[in-house]
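The block underneath contains the structure these notes are about, expressed in structure tokens.
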Amino acid sequence: MQSAAELVAHGMREHQAGRVAAALEAYERVLAIDARQFDALHLRGVALHQCGRSDEAVQAIEAALTLRTHDAAALSNLGLALRALKRHDEALRAYDRAVESAPQFAQAWSNRGNLLRDMGRGAEAVASYERAVAANPQLASAWHGLGLALGDQSRWADSLQAFDRALALQADYAVAWMDRGNTLRSLERFEDALQSYERSLELAPETAFTWSNRGVVLKRLGRFAEAVVSYTRALTLKPDFVDAMVNFATLQKDRMDLESAIALNERALALQPDNSGAHLNLAICHLVTGNWDLGWPHYEWRWKTEQLLDGARNFAQAQWDGTASLQGQTILLHAEQGLGDTLQFCRLATLVAQRGARVVLEVQAPLKGLLAGLDGVAQVVARGEPLPPFDCHCPLLSLPLALGLTLDDLPVARAYVQPDASRVAAWPARLGAVAPKVGLVWSGRPEHKNDHNRSLPLATLVQALPAGPQYHCLQKEFRPLDAQLLQTLPQITRWDSALHDFRDTAALVAHMDWVVSVDTSVAHLAAAMGKPVWLLLPYSPDWRWIVGRDDSPWYPEMRLYRQPELGDWDSVLERLRHDIDTEFRRLHHA
């Protein structure tokens, strides 16, 4: 008959070989002989945790700790089991006791970092991992954890260094290769990220998460067909992978395969009804096809998405949803997202006022002066200024739902934004009498998430500008290469030093015969003033530019120039050049 010590040794060998059930049986045989055998109690707890029986694991390890109160390994393993049960405070106490007992216990410091990440205590997690790698610089898992924690704090360069340290120690560390790819993606080093994902998949080809992440970066590289394959593989491996469905749906929307995008979003919502990303994606698919009655309700989920979560306003007053009477009420309409959104949707204040409400409009500070005289608005305040008393509120982009608007009853709004007359009067002396005058905007904010699709290099646009018209730049900011090129183009006049706010831009726009622009706030400004706007759109446009038409129900004087295929600006600019030349000749001979 084997002794207790021999059975423990046998169980440990089985454990090390990965035969956890056999190890568990050996430990239980030990405890039948000696119920207070520390190693058997402790290691049985470890095995139970590995079998997914964490409740029992906690009991077993706590029993072991009654025999050796300060055993660091048992305390750390107790923390693992408690963490699995989401008993975070208790797990942290266990880890703290472990590292107090053994300050150089690197694995306990690393495990503690994992827990602190779960608890959202990022700075403390970083510190815990740093203690781990200081205690044992050869512990690859601690470097990996440090890379994750640094990434949580958007310290991407430091995160990358930590992952590289982990992989220098353990070159076959598949998940570290994947997470390194995620960090490289955040650094916008997309080709390097792809290589990192490929290495991860060489080591672990059945990992759905890596296939999905690979799809994300392939999409960003414009390799859409390959991204489709990657997402399809992810979902084959993990059919209930909701995040992959949502990301795949975004890709399909960008490929303008809207039927597939809608199906993927609906599949995701069937599995996870409160997935805000799927709701928002579904809203965009319906809105871009003009199905507003289907789209606007899903669009309300935008406030639950990571991008807009911090922008939600938590007023004590109720949000108006269109059901309550506004007669005699003061309603606060507040801007959200970009300046272009505010310029597009502020016109709806008139419809709210027609329901008997006194309208207070809160807008971004650069728009306050411009919108001070907006029809239907009693008071305009800038975001950050004290708000007057109000009875209810509504975000501007929630108004179509609250008002029950459809494409058929969207009111035609011509020139609802008026420039300041005195500022308009100051421009003729600068501009001269030569006509026609064409305003130009070829790029938006570089930090905009879709800027790589919507903006153009000036070198590309200038090829579509025939001689004849006077071209005036309506932008205030320039990419370095564009700024250099602009100095060599006397046919385009810069006015950025004279454009101090939107009132100055509006005054300049007032003198343009028409405006050529990519999808930016200046395009909305010009269109809201009633100016003809020729809008250059990527193949997959923003949801407000409804597919299947070259005009916009929002702006009667707008003309849409759409890419016929992904990335095909050449066709757009060829048509633009022809139309500019035709319009110039018409106006020049009028």
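What follows is calculated from the coordinates using simple rules that are stated; it is not laboratory data. Since the structure is predicted, the reported quantities are computational estimates derived from the model, not experimental observations. A quick note on method: Cβ atoms are made from the backbone with ideal geometry, for glycine too, and the neighbour counts reach across all protein chains shown.
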Next item on the list: Search the structure for amide H atoms under 5 Å from the amide H of Val533, placed 1.01 Å from N in the peptide plane, and list their residues when 5 or more places away or on another chain.
Entry: Val515, Met558, Arg559
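To the nearest 20 debye, what is the magnitude of the charge dipole of the range 330-409 about its Cα centre, counting +1 on the Cβ of each Lys and Arg and -1 on the Cβ of each Asp and Glu?
Values: 5 positive and 8 negative charges, 37 e Å.
Dipole of the range 330-409, to the nearest 20 debye: 180 debye.
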Check: Using the Karplus equation 6.51 cos²θ - 1.76 cosθ + 1.60 (θ = phi - 60°), what ³J(HN,Hα) coupling, rounded to whole Hz, does each residue of the range 547-554 give in order, writing x for Gly and Pro?
Finding: 5, x, 8, 10, 10, 10, x, 6
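Is the range 1-69 rounded, prolate or oblate when judged by the Cα gyration tensor, a ≥ b ≥ c being the square roots of its eigenvalues, rounded requiring a/c under 1.5 and prolate requiring a/b larger than b/c?
Working: a/c = 1.97, a/b = 1.09, b/c = 1.81.
Note, shape of the range 1-69 comes out oblate.
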Item checked: Sparse-neighbour loop sites [GluC sites (Glu not before Pro); the range 229-336; at most 12 other C-beta within 10 Å; DSSP] -> Glu306
Notebook entry, point to check: Along the charge dipole of the range 4-215, which of His88, Gly145, Leu31 sits closest to the positive end, that is, farthest toward it, with unit charges on the beta carbon of Lys, Arg, Asp and Glu (+1, +1, -1, -1)?
Noted result: His88
Next item on the list: With θ set to phi - 60°, apply the Karplus curve 6.51 cos²θ - 1.76 cosθ + 1.60 along the range 294-308 and write out the HN-Hα couplings as whole Hz, x wherever there is a Gly or Pro.
Entry: 8, x, 4, x, 5, 5, 5, 6, 4, 6, 9, 7, 4, 5, 10
Item checked: Furthest towards positive pole of dipole, Leu237, Ala135, Leu308, structure part the chain, Cβ charges -> Leu308
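Rounded to a whole number of µm²/s, how large is the Stokes-Einstein D of the range 30-98 at 25 °C and 0.890 mPa s, given Rh as the Kirkwood radius over C-alpha pairs? Let's see the in-between values first.
Numbers: Rh = 11.5 Å.
Once the numbers are plugged in, D ends up at 214 µm²/s.
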Next item on the list: Please give the helix 106-118 orientation as an angle from the longest Cα principal axis of the chain, in degrees from 0 to 90, rounded to the nearest 10.
Entry: 40
Checklist line | Dipole magnitude of the range 274-329 about its Cα centre (Cβ charges: Lys, Arg +1; Asp, Glu -1), debye to nearest 20 | finding: 100
Note to self: Nothing charged except the Cβ atoms of Lys and Arg (+1) and of Asp and Glu (-1): what's the magnitude of the dipole of the chain about its Cα centre? Round to the nearest 20 debye.
What the structure shows: 780
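Take peptides 492-500, 435-443 and line them up by average Cβ neighbours within 10 Å, highest first, as a rough protection proxy. Intermediate values should be presented prior to the final figure.
Working: 492-500: 15.0, 435-443: 21.4.
Peptide ranking by packing, descending: 435-443, 492-500.
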Margin query: How many angstrom lie between the Cα centre of the range 566-590 and the Cα centre of the range 386-425?
Written below: 32
Notebook entry, point to check: How much mean residue ellipticity at 222 nm does the chain get from its helices, if each DSSP H run of length 4 or more adds -39500 (n - 2.57) and you divide by all residues, to the nearest 500 deg cm²/dmol?
Noted result: -16000 deg cm²/dmol
Check: How high is the FRET efficiency between Leu85 and Ala21 when r is their beta carbon distance and R₀ equals 22 Å, given to the nearest 0.05?
Finding: 0.55
Item checked: the range 507-553 and the range 226-274: distance between their alpha carbon centers, rounded to Å -> 31
Notebook entry, point to check: Each residue of the range 576-588 in order: what ³J(HN,Hα) in whole Hz does its phi give by Karplus 6.51 cos²θ - 1.76 cosθ + 1.60, θ = phi - 60°, with x for Gly and Pro?
Noted result: 4, 4, 4, 6, 5, 4, 5, 5, 4, 5, 5, 6, 5
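Select from the range 343-382 those trypsin sites (Lys or Arg not before Pro) which occupy a DSSP coil region and have at most 13 other Cβ atoms within 10 Å, ordered by residue number.
Here no trypsin sites (Lys or Arg not before Pro) fit, given the DSSP loop and packing criteria.
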Item checked: Loop-located trypsin sites (Lys or Arg not before Pro) in the range 33-86 whose Cβ has at most 11 other Cβ within 10 Å (DSSP) -> Arg36, Lys86
Checklist line | Other-chain or far-sequence residues with amide H under 5 Å of Thr493's (modelled H) | finding: Tyr471, His472, Cys473
Check: How far is helix 190-203 tilted off the main Cα axis of the chain, in degrees rounded to 10, range 0 to 90?
Finding: 30
Margin query: Skipping prolines and chain starts, which residues have an amide H placed within reach, meaning under 5 Å, of the one on His334, given they are 5 or more residues away or on another chain?
Written below: Glu362, Cys394, Leu396
Item checked: Projected area, mean over directions - the range 22-179, Cα convex hull, nm² -> 9.3
Notebook entry, point to check: Quick one: helix 38-50 against the long Cα principal axis of the chain, what's the angle to the nearest 10°, folded into 0 to 90?
Noted result: 30
Margin query: Positive end of the dipole of the range 330-409, charges at C-beta (+1 Lys, Arg; -1 Asp, Glu), about the Cα centre: which of Leu343, Val363, Pro400 has its Cα farthest in that direction?
Written below: Val363
